[in-house]
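This report refers to the structure that appears directly beneath it.
The values are calculated or read from the model by the stated rules, or taken from the named source; none is laboratory data. All figures in this text were calculated on a predicted structure; none of them were measured in a lab. FYI the Cβ positions are ideal-geometry reconstructions off the backbone, even for glycines, and counts take in every protein chain you see.
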Amino acid sequence: SVDNSAGIWDAENVRSTLPKRNEDSHKGTYGTGLLIAGSPSMPGAAMLAGIGAMRSGVGKLVIGTAEEVIPVVVQRLPEATYERNGLIQLAEGKLTLDQFRVIAIGPGIVPNELAEKAIAKILESDVPVVLDAGALSKRDYHERQAPTILTPHPLEFARITGVKVNELQQNREHYAQVCAKKLGVTIVVKGQHTIVAFPDGETWKNGTGNSALAKGGTGDTLTGMLLGLLCIHDNWKHAVLNAVFLHGACADAWTEKRSAHTLLAHELTDFLPEVWKSYE
Ligand code: B4P
Ligand code: MG
């Protein structure tokens, strides 16, 4: 039942599926994204994901984060607005979620009881959601109708599925496909040649990216880009595939002239404007 030959999502696919920005549009056209990220010991994750989202076309971005994280992020991203202690507000059911086009949660959050409660509230909503890092744990997703996108690296994949890292790495397409179907979610298995497996069995391999990405923070940037691109695409599958592609393409642009050792995650999105333009 498993089709074990994922196609490669390539430049032509990207060119033909990236949405245009209409001349008569306004910020409402592109939706409001909600990003739940960052904590006192990991404030940068909120910043990296926030910049990733706002560089990816979203109309408005609300960042729910710890009180002390806000002044750190606002310095680099004055364009966003904030929900103070967003995780607590979410857990207590104080945020109206259907005002958001897409929600992303996880970068720089601590996986604890509070986070689980907040995630449960999100999963009850009909809003498409991206779950990363601290939001990735073993749970049941079958009640959801809206797209649910998990972005594990191999170790996180092992945590949420029970498949051992070395087994996964020997047959990434197979395990991505089987687990996406089984959980009823989209799984983005990160690492060299990221695999995107949808719950209906459709599976793609990404051809961009390189070892410059093997450094802290690059995953947070991807989560933000997913949030932004999901807000502007009509077709959510194309949004996921294009986000993974463009994220890798930014790293490829970096290594054209620079050593792969030297990339900082926050520099990835400096490349995005020109990289994106080359696919328009
Ligand atoms: P964590 O502490 O969980 O790392 P993180 O905060 O999630 O970092 P970040 O968000 O920046 O990176 P992510 O991987 O999400 O620690 C990760 C732990 O998992 C470490 O112990 C690490 O050794 C282990 N781990 C990670 N990958 C593993 C693997 N392949 N095999 C075994 N153990 C592994 O996102 C990174 C981004 O960079 C993704 O988009 C990814 O696709 C990309 N990327 C990384 N390496 C790449 C490469 N060689 N080529 C192309 N893309 C690459
Ligand atoms: Mg990560």
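If you go through the stretch 207-230, how many residues are away from ligand 2 (no atom under 16 Å from the Cβ) and either surrounded by 24 or more Cβ atoms within 10 Å (Cβ to Cβ) or assigned to a strand (DSSP E or B) (or both)?
Adding up the residues that qualify gives 3.
Considering only the stretch 64-80, state which residues are of a type in the set (Asp, Glu) and assigned to a loop (DSSP other than H, G, I, E, B).
The answer is 79, and nothing else.
Quick check: anything in the stretch 89-104 crowded, with 22+ Cβ neighbours inside 10 Å and either part of a helix (DSSP H, G or I) or aromatic (Phe, Trp, Tyr) (or both)?
Checked against the condition, which is being crowded, with 22+ Cβ neighbours inside 10 Å and either part of a helix (DSSP H, G or I) or aromatic (Phe, Trp, Tyr) (or both), the stretch 89-104 yields at least one hit.
For the stretch 105-120, what are the residues that are of a type in the set (A, V, I, L, M, F, W, C) and outside any helix (DSSP H, G or I)?
Of everything in the stretch 105-120, those that are of a type in the set (A, V, I, L, M, F, W, C) and outside any helix (DSSP H, G or I) turn out to be 105, 109, 110.
Using beta carbons and a limit of 7 Å, which pairs, at least six apart or on different chains, have the first residue in the stretch 159-171 and touching a residue at least 24 places away in the same chain (Cβ under 8 Å) and part of a helix (DSSP H, G or I) and the second one among the basic types (Lys, Arg) and surrounded by fewer than 18 Cβ atoms within 10 Å (Cβ to Cβ)?
As it stands, the answer is 160/138, since those pairs meet every condition given.
Could you count how many residues in the stretch 177-206 are in contact with a Ser or Thr (Cβ under 6 Å, 6 or more places away or on another chain) and assigned to a loop (DSSP other than H, G, I, E, B)?
2
Please tell me if residue 219 is among the small types (Gly, Ala, Ser) and near ligand 1 (Cβ under 10 Å from one of its atoms).
Yes, satisfied.
Tell me which of these residue 83 doesn't satisfy, since it passes every other one: (1) in a helix (DSSP H, G or I); (2) closer than 21 Å to residue 129 by Cβ; (3) of a type in the set (Asp, Glu).
For residue 83, the exception is condition (1).
Across the stretch 143-158, what is the number of residues that are in contact with a helix residue (DSSP H, G or I) (Cβ under 8 Å, 6 or more places away or on another chain) and either surrounded by fewer than 17 Cβ atoms within 10 Å (Cβ to Cβ) or free of Cβ contacts under 8 Å to residues at least 24 places away in the same chain (or both)?
Qualifying residue count for the region: 4.
Starting from the stretch 92-121, take each residue that is at negative phi and list its partners that are in a helix (DSSP H, G or I) and among the hydroxyl-bearing types (Ser, Thr, Tyr), counting only C-beta distances under 6 angstrom and pairs at least six apart or across chains.
Qualifying pairs under 6 Å: 104/223; 107/223.
Residue 174: assigned to a loop (DSSP other than H, G, I, E, B), at pLDDT 95 or above and away from ligand 2 (no atom under 16 Å from the Cβ), yes or no?
No.
Which residues, counting only those in the stretch 102-148, are touching a Ser or Thr at 6+ places or on another chain (Cβ under 9 Å), away from ligand 1 (no atom under 16 Å from the Cβ) and of a type in the set (Asp, Glu)?
Selection gives 116 alone.
Does the stretch 51-75 hold any residues that are among the charged types (D, E, K, R), under 18 Å from residue 107 (Cβ atoms), without any contact (Cβ under 8 Å) to a residue 60 or more places away in the chain and in contact with a helix residue (DSSP H, G or I) (Cβ under 9 Å, 6 or more places away or on another chain), and which are they?
68, the sole residue that qualifies.
Only one of these conditions is not met by residue 181: (1) in contact (Cβ under 8 Å) with a residue 40 or more places away in the chain; (2) surrounded by fewer than 24 Cβ atoms within 10 Å (Cβ to Cβ); (3) in contact with a Pro (Cβ under 7 Å, 6 or more places away or on another chain). Which number is it?
With respect to (1) in contact (Cβ under 8 Å) with a residue 40 or more places away in the chain; (2) surrounded by fewer than 24 Cβ atoms within 10 Å (Cβ to Cβ); (3) in contact with a Pro (Cβ under 7 Å, 6 or more places away or on another chain), residue 181 is out only on (1).
Looking at this structure, is residue 154 modelled with pLDDT of 95 or more and within 16 Å of ligand 2 (Cβ to nearest atom)?
yes
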